[in-house]
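Below: the structure, in structure tokens.
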Amino acid sequence: MLVNDYRDGFSSVDGKPEPGMRKAIEYAVAQGHRRLGFVTGDLRYRNAVDRLAVFRALIGEFELQSVIVEGNFSRTSGYRCAGQLLSARDRAPTMVMASNDREAVGVLDYCREHGLHVPGDVSVIGYDNLDPAADVTPPLSTVDNQVMKTGQEAARLLCEALDGAVKQPVTRWLDTGFVVRQSTGACRAR
């Protein structure tokens, strides 16, 4: 049984990145953002690859500019990648989306240490909506991955398998959403 991951031949429960990421990109566009940065997760994992693919598809669909840098799901990589994205201020993205909340907190750390106001100078979006996302400064806008609901659904699927109701591997997908908090706002002209 896999949770927040999926593979052929295994039962799994995971969140679909597209619905929540679409809402996040639609929000970014509505706020006037046209150049977005993206911090990937560890590309050895399917979730990271899926989130990157959805980001690329949405950037193309909305005809936006993007800069993509490779992270690894850690706060440290978020900080490092923020430096790569935001050091050239005239060409820097006005919004940065990270593949998880830990990376996004690293982006916030970088901004704070380098005098960039969030969301005035750059907006930041995370992914997962883990509890700390609401507690950082500023509170993090994030794709809501419904981690608790995923765990509950996985427990239900495991019980069904143990009872014999599920005999073949199945993958159950949950929709993601988007939570707007204070780390995002209107794009400031540069």
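Can you find even one residue in the stretch 1-13 that is in a loop (DSSP other than H, G, I, E, B) and under 14 Å from the mean Cα position of the chain (by Cα)?
yes
Filtering the stretch 1-50 to residues that are of a type in the set (A, V, I, L, M, F, W, C), touching a Leu at 6+ places or on another chain (Cβ under 7 Å) and modelled with pLDDT under 95 leaves M1, F10, V13.
The residue that is farthest from N100 (Cα to Cα), among those in the stretch 121-136 that are assigned to a loop (DSSP other than H, G, I, E, B) and in contact (Cβ under 8 Å) with a residue 24 or more places away in the chain, is D121. Cβ-Cβ distances below 6 Å connect the following pairs, each with a first residue in the stretch 51-74 that is modelled with pLDDT of 95 or more, a second residue that is among the acidic types (D, E) and assigned to a loop (DSSP other than H, G, I, E, B), and a separation of six or more residues or different chains: N72/D42; F73/D42.
Taken over the stretch 145-169, residues that are within 30 Å of M97 (Cβ to Cβ) and either assigned to a loop (DSSP other than H, G, I, E, B) or touching a Leu at 6+ places or on another chain (Cβ under 7 Å) (or both) amount to 6. Output the residues belonging to the stretch 170-190 that are in a loop (DSSP other than H, G, I, E, B) and in contact (Cβ under 8 Å) with a residue 60 or more places away in the chain. Result: V170, T176, V180, Q182, S183, T184, G185, A186, C187, R188, R190. Return the total of residues in the stretch 93-112 being of a type in the set (G, A, S) and part of a helix (DSSP H, G or I). Residues flagged as of a type in the set (G, A, S) and part of a helix (DSSP H, G or I) within the stretch 93-112 amount to 2. Considering only residues of the stretch 27-50 that are in contact (Cβ under 8 Å) with a residue 24 or more places away in the chain and over 19 Å from A82 (Cα atoms), which is surrounded by the fewest Cβ atoms within 10 Å (Cβ to Cβ)? For the stretch 27-50, the residue satisfying everything is G32. Quick one: in the stretch 151-190, of everything that is hydroxyl-bearing (S, T, Y) and crowded, with 18+ Cβ neighbours inside 10 Å, which residue is nearest to L108 (Cα to Cα)? Selected residue: S183.
Going through the stretch 69-92 one residue at a time, which ones are part of a loop (DSSP other than H, G, I, E, B) and buried (at least 24 other Cβ atoms within 10 Å of the Cβ)?
G71
With respect to I59, determine if the residue is touching a strand residue (DSSP E or B) at 6+ places or on another chain (Cβ under 7 Å), over 30 Å from A155 (Cβ atoms) and among the hydrophobic types (A, V, I, L, M, F, W, C). Yes; evaluated as a whole, the condition is true for this residue. Residues that are part of a strand (DSSP E or B), within 16 Å of D101 (Cβ to Cβ) and not β-branched (V, I, T) within the stretch 38-68 comprise just one, F38.
The values are calculated or read from the model by the stated rules, or taken from the named source; none is laboratory data. Predicted model only: the values in this text are computed from it and were never measured. We place every Cβ from the backbone using ideal geometry, glycine too, and count neighbours over all the protein chains shown.
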